[in-house]
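Chemist: Before we start, here is the structure in question, set down as structure tokens.
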Amino acid sequence: MSLKNLPYSTRLYCPGPTPIPMDIAKASMQPTVYHRTPEFQATLIECRKLLQPLIGSKKPPVLIASSGTGAMEAAVATFTAPGDKVVFVNGGKFGERWGEINKVYNNQLVEIKIPWGEAIQPELLAETLEKEKPDALFLQANETSTGVAVDLMKLMKEIRPSFQGIVCVDAISSLVAHPMKMSEWDIDIVVGGSQKGFGVPPGLSFAAFSEKAYARANRRDSYYFDIIREYEGQESGVSAWTPAVSLIFAMNEALKKIHEIGLEKLFELHRIAANSVREGARAAGLDLLAERDYSHALTSIRLPPSIDGNALKSHLQKKYGCLFAGGQGMLSGKILRFSHLGFFDLLDVVSGLSALEFALQDLGWEFSFGAATVTGMKTIQSLSASN
Ligand SMILES: *Cc1c(COP(=O)(O)O)cnc(C)c1O
């Protein structure tokens, strides 16, 4: 008897796209409206206002019709000028992307390369910034290719006394799972996307910016990706181009759900979920890629040489209907990424651990069958006890 015996039993454990609750899917399916109407303009303004507390920005973000990478490019296009010196942190696939985008825009690059699976150390970053004196710094809040999160509050405290340049954070996979206090932490630009923590289909991104970033904006020509032009229009609900109307409906619904549940509760849920996955994986005799600085959005489980990550991933999908993510770039085949970004609950995490155990056993890994699931459950129980 296959465990994946029903056509609807696909489960997503990949870090985006994440499961879309029915209410959110329904919101995106309502008949499209013309975007230059007072009704839609009010929806767009509402969406931006509901997003703002998740980012902790002084102003509501602008919405952009693109995937997350579009918002990253918009940030580079709007807030840097050719020849600007930029430092970027490369601790994985997405850090690398900051470098690639900045290169296309003819910025002068300074790369801080750190081993995949580690977080940038605040002291090292501060030292580099003092030495290089760049115009801007680009980094990830959460490096999705490795499952490493940065303690942004600590990092900003360390670098801010001596660094006055622009700090731009890709928070695409950390929003909703980790707190973000952009203005309090003195971050200048934060970008996010719909298909990660928000449980909304892909194709909507957003960016918030500070006064300092504003003062340094639009020193080069860019057309579609002009965050300031968008901001000026979107303050009254008018976007320069046709907005992603159905995704904005979906995003509004998602944000209402998120606020109804409460941000603190969601951060706690993600923290418990991540702990449960880590302890579960260890109980199955597996190591983790990161040894500290754990993301609360996903965990990278290191696989032993006898188990090919890509084979495990496709086995999990084919036999158990569970879509996990494998490793990217140099980590291909070496890790399995177990994500619970978005609308997950703790029982979904337990199911994921169970599926992993079934699959590991099928592939011949020797371990105490059932240990990961039970350990995951016990971790949830002990961490939830105080609530
Ligand atoms: C998913 C992701 C992106 C953007 O990806 P898109 O596919 O363009 O939406 C960027 N940065 C991080 C950290 C991500 O997780």
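Chemist: With label points built 7 Å along Cα→Cβ from the Cα atoms of Lys59 and Lys113, find their separation and express it in nm.
Modeler: 3.8
Chemist: Considering only protein heavy atoms, what per residue accessible area in square angstrom results for segment 105-221 with a 1.4 angstrom probe?
Modeler: 37
Chemist: Further question: Tell me, what % of the accessible area of segment 1-101 is carbon and sulfur with a 1.4 angstrom probe? Mind showing how you got there, number by number?
Modeler: Working: 2640 of 4410 Å².
Percent of accessible area from carbon and sulfur atoms in segment 1-101: 60.
Chemist: Then there is this: In whole percent, and with a 1.4 Å probe on the protein chains, what portion of the accessible area of segment 220-338 is carbon and sulfur?
Modeler: Accessible surface attributable to carbon and sulfur in segment 220-338 totals 49 percent.
Chemist: Based on the Cβ-Cβ distance of Met22 and Tyr223, what FRET efficiency does E = 1/(1 + (r/R0)^6) give at R0 = 30 Å, to the nearest 0.05?
Modeler: Rounded to the nearest 0.05, the efficiency is 0.20.
Chemist: Here's a follow-up. Multiply the residue gap between Thr242 and Arg282 by 0.36 nm, knock off their C-alpha separation, and tell me the result in nm, one decimal place.
Modeler: So the extension gain works out to 9.6 nm.
Chemist: So for the pair Thr10, Gln30, with labels modelled 7 Å out along Cα→Cβ, what separation do we get in nm?
Modeler: Going from the Thr10 label point to the Gln30 one covers 2.7 nm.
Chemist: Still on this structure, please answer the following. With the contact rule set at Cα under 8 Å and sequence spacing of 6 or more, what percent relative contact order holds for the chain?
Modeler: Over the chain, the number comes to 24 percent.
Chemist: For segment 318-373, what class follows from the C-alpha gyration tensor (a ≥ b ≥ c being the square roots of its eigenvalues): rounded when a/c is under 1.5, otherwise prolate if a/b is larger than b/c, else oblate? Please list the in-between numbers first.
Modeler: Details: a/c = 1.85, a/b = 1.02, b/c = 1.82.
The shape class here is oblate.
Chemist: Same structure again: Quick check for me: using +1 on Lys/Arg Cβ and -1 on Asp/Glu Cβ, what's the dipole size of the chain about its Cα centre, in debye to the nearest 20?
Modeler: 440
Chemist: I would also like to ask the following. Determine the alpha carbon to alpha carbon distance for each of Lys212/Lys265; Lys103/Lys313; Lys113/Lys181; Lys93/Lys334; Lys26/Lys59 and list only those over 22 Å.
Modeler: Values: Lys212/Lys265 32 Å; Lys103/Lys313 33 Å; Lys113/Lys181 26 Å; Lys93/Lys334 15 Å; Lys26/Lys59 29 Å.
Beyond 22 Å between Cα atoms: Lys212/Lys265; Lys103/Lys313; Lys113/Lys181; Lys26/Lys59.
Chemist: Sorting check: for 106-115, 24-33, which peptide has the highest mean count of neighbouring beta carbons within 10 Å, and how do the rest follow? Spell out each step's value before the answer.
Modeler: Working: 106-115: 16.3, 24-33: 14.5.
Going from most to least packed, we get 106-115, 24-33.
Chemist: Using a Förster distance of 51 Å, how high is the FRET efficiency between Lys85 and Ala385, based on the Cβ-Cβ distance and rounded to 0.05?
Modeler: For Lys85 and Ala385, the calculated efficiency is 0.50.
Chemist: While we're on this one: Using every alpha carbon pair in segment 172-261, what percent of pairs falls into each 5 Å bin from 0 up to the bin containing the largest distance?
Modeler: All Cα pairs, binned at 5 Å, distribute as 3, 11, 19, 23, 22, 16, 5, 1, 0 percent.
Chemist: Would you mind classifying the chain by shape? Square roots of the alpha carbon gyration tensor eigenvalues, ordered a ≥ b ≥ c; an a/c under 1.5 is rounded, otherwise it is prolate if a/b is larger than b/c and oblate if not.
Modeler: The shape class here is oblate.
Chemist: Turning to a different aspect of this structure: Once you charge only the Cβ atoms, +1 for Lys and Arg and -1 for Asp and Glu, what is the size of the charge dipole of segment 158-286 about its Cα centre, to the nearest 20 debye?
Modeler: Details: 14 positive and 16 negative charges, 71 e Å.
Rounded to the nearest 20 debye, it is 340 debye.
Chemist: Work out the FRET efficiency for Glu291 and Thr37 from their Cβ-Cβ distance, taking R0 = 45 Å, and round it to the nearest 0.05.
Modeler: 0.25
The values are calculated or read from the model by the stated rules, or taken from the named source; none is laboratory data. Everything numeric in this text was worked out from a predicted model, so none of it was measured. Every residue, glycine among them, receives a Cβ derived from its backbone with ideal geometry; neighbour counts consider all protein chains shown. We work out accessible area using only protein heavy atoms, side chains counted, and drop any ligands, DNA or RNA first. Shrake-Rupley method; radii C 1.70, N 1.55, O 1.52, S 1.80 Å.
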